[in-house]
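The values are calculated or read from the model by the stated rules, or taken from the named source; none is laboratory data. Quick caveat, the model's predicted, so the values are computed rather than measured. In this analysis, Cβ positions are derived from the backbone assuming ideal geometry, glycine residues included, and neighbour counts consider all displayed protein chains.
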Amino acid sequence: MTSPNSPSSSPYPEGSAAFPHRHLTGMAKLQPWEIRFLLDEAEHWVEMNRKQIEKRDDRLHGLTIINAFFENSTRTLLSFEIAGKRLGADVVNMHAAQSSVKKGETLIDTAMTLNAMRADAIVIRHASSGAVQLIADKVDCPVLNAGDGRHEHPTQALLDALTIRRRKGHIEGQIVAICGDILHSRVARSNIIALSTLGAQVRVVGPPTLIPKDIELMGATPFTDMDAGIKDADVVMMLRLQNERMDGAFIPSPREYHMLYGLTPQRLEKAKPDALVMHPGPMNRGVEIVSSIADDPERSAVTEQVEMGVAVRMACLDVLTRKRRGVEGWQ
Ligand code: NCD
């Protein structure tokens with residue numbers, strides 16, 4: 001593993017030691033080595049986070065990070081905040097409910113305002129797909145996408161990939177079944193891209209109304225039958241029904257949805273005996289997953305995903321601000 005401050009010892013392609021992107025807006029722009037690089041950097045922070053407080057590293061001391069969240073969030077906002085603070089940065093959270101967005105300010109005006117405050121990194125969550133890129137194009141500092149509409153949620157895909165890599169040893173060749181509301185899920189989209197880029201066999205499982213038509217072009221195999229979709233899977237990733245993004249009836253009823261697509265112990269028997277169960281949260285217990293699986297530490301990686309989230313976000317904040325901090329080899 002590389003040390004975060006010594007890119008010259010990098011095992012990555014010649015001339016590519018420095019991560020070549022200013023922003024992290026999606027997984028679609030990343031090469032396999034770039035994803036692996038971020039995962040390796042995050043691995044370092046997993047170990048550091050488990051150590052004593054005095055061993056912590058404040059390499060982002062003096063930097064200001066703005067978390068601009070125009071949509072609700074619990075774990076993503078908290079984990080970006082903890083990640084920034086653990087690296088010594090000053091972290092400011094902007095909630096849309098208290099901002100001028102409610103007074104009709106355009107996204108561009110908000111972007112220009114954030115830019116004028118001379119943040120060193122801006123983390124954005126927004127309900128509109130593409131909003132994060134729009135802001136990234138207008139500001140001078142790195143922008144990290146914390147979820148934009150149904151488009152992408154790259155740090156979630158990175159933390160999921162890290163969880164799978166740590167639990168299974170590698171990602172290549174793993175059969176990963178992503179189940180539920182694929183159509184409205186930025187988590188599904190970023191995971192399909194990241195995991196297939198890293199060589200996993202990705203399946204998507206859900207009712208035909210919740211599977212995008214062109215999903216095979218993204219590298220995933222669609223299944224509408226849950227038992228067939230999770231058969232022999234190494235990883236079963238459950239997703240919430242994104243009701244807030246639905247503009248009509250996509251499922252007959254939550255009860256029927258649970259009967260057909262809910263993860264129960266009987267259904268999980270179809271997957272590999274050591275299959276890992278994942279969920280990005282928030283979970284709707286009794287709908288897409290039952291509590292006996294969600295709370296089973298042998299099967300469920302849900303809390304580990306949250307832990308990996310902090311490490312991945314520390315890695316992303318560190319890597320994307322190296323140029324600003326003048327880290328050797330990154331200017
Ligand atoms: C996801 C999100 O916001 O896209 N949650 C998260 O980031 N942990 C998934 C969801 O809301 O269902």
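Things worth noting here:
- Among the residues of segment 170-180, those that are assigned to a loop (DSSP other than H, G, I, E, B) and away from the ligand (no atom under 15 Å from the Cβ) comprise H170, I171, E172, G173, Q174.
- Identity of the residue in segment 88-105, in a loop (DSSP other than H, G, I, E, B) and out of contact with any Phe, Trp or Tyr (no Cβ under 9 Å at 6 or more places or on another chain), that ends up modelled with the lowest pLDDT: G104
- Segment 119-136 residues that are within 20 Å of R324 (Cα to Cα), paired with ones that are assigned to a helix (DSSP H, G or I) and within 15 Å of the ligand (Cβ to nearest atom) (beta carbon under 7 Å, 6 or more apart): V123/F80; I124/V132
- Scoring Q133 on the criteria (1) of a type in the set (S, T, N, Q); (2) surrounded by fewer than 24 Cβ atoms within 10 Å (Cβ to Cβ); (3) within 12 Å of the ligand (Cβ to nearest atom) leaves a single failure, condition (3).
- Any pair with Cβ under 6 angstrom, 6 or more apart, that starts in segment 169-198 at a residue that is in contact (Cβ under 8 Å) with a residue 60 or more places away in the chain and small (G, A, S) and ends at one that is assigned to a loop (DSSP other than H, G, I, E, B) and away from the ligand (no atom under 16 Å from the Cβ): A177/A233
- Among the residues of segment 50-74, those identified as surrounded by fewer than 16 Cβ atoms within 10 Å (Cβ to Cβ) and either in a helix (DSSP H, G or I) or β-branched (V, I, T) (or both) are I53, E54, K55, T74.
- Among (1) among the β-branched types (V, I, T); (2) away from the ligand (no atom under 16 Å from the Cβ); (3) not in a loop (DSSP other than H, G, I, E, B), the one test that V327 misses: (3)
- Unmet criterion (only one of (1) under 30 Å from A200 (Cα atoms); (2) free of Cβ contacts under 8 Å to residues at least 40 places away in the same chain) for G26: (2)
- Set side by side, the residues A146, A177, A157, A116 differ, and just one is of a type outside the set (D, E, K, R) and farther than 26 Å from V202 by Cα, which is A116.
Here's the yes/no breakdown for (1) modelled with pLDDT under 95; (2) in contact with a Pro (Cβ under 9 Å, 6 or more places away or on another chain); (3) surrounded by 21 or more Cβ atoms within 10 Å (Cβ to Cβ); (4) not aliphatic (A, V, I, L, M):
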residue: L183; (1), (2), (3), (4): no, yes, yes, no
residue: V204; (1), (2), (3), (4): no, yes, yes, no
residue: L210; (1), (2), (3), (4): no, no, yes, no
residue: K231; (1), (2), (3), (4): no, no, no, yes
residue: M237; (1), (2), (3), (4): no, yes, yes, no
residue: Q242; (1), (2), (3), (4): yes, no, no, yes
residue: M246; (1), (2), (3), (4): yes, no, no, no
residue: A249; (1), (2), (3), (4): yes, no, no, no
residue: E256; (1), (2), (3), (4): yes, no, no, yes
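- Checked against (1) farther than 26 Å from H184 by Cβ; (2) crowded, with 18+ Cβ neighbours inside 10 Å, H151 meets all criteria but (1).
- Flag for R118 being touching a Phe, Trp or Tyr at 6+ places or on another chain (Cβ under 6 Å) and under 25 Å from A315 (Cβ atoms): no
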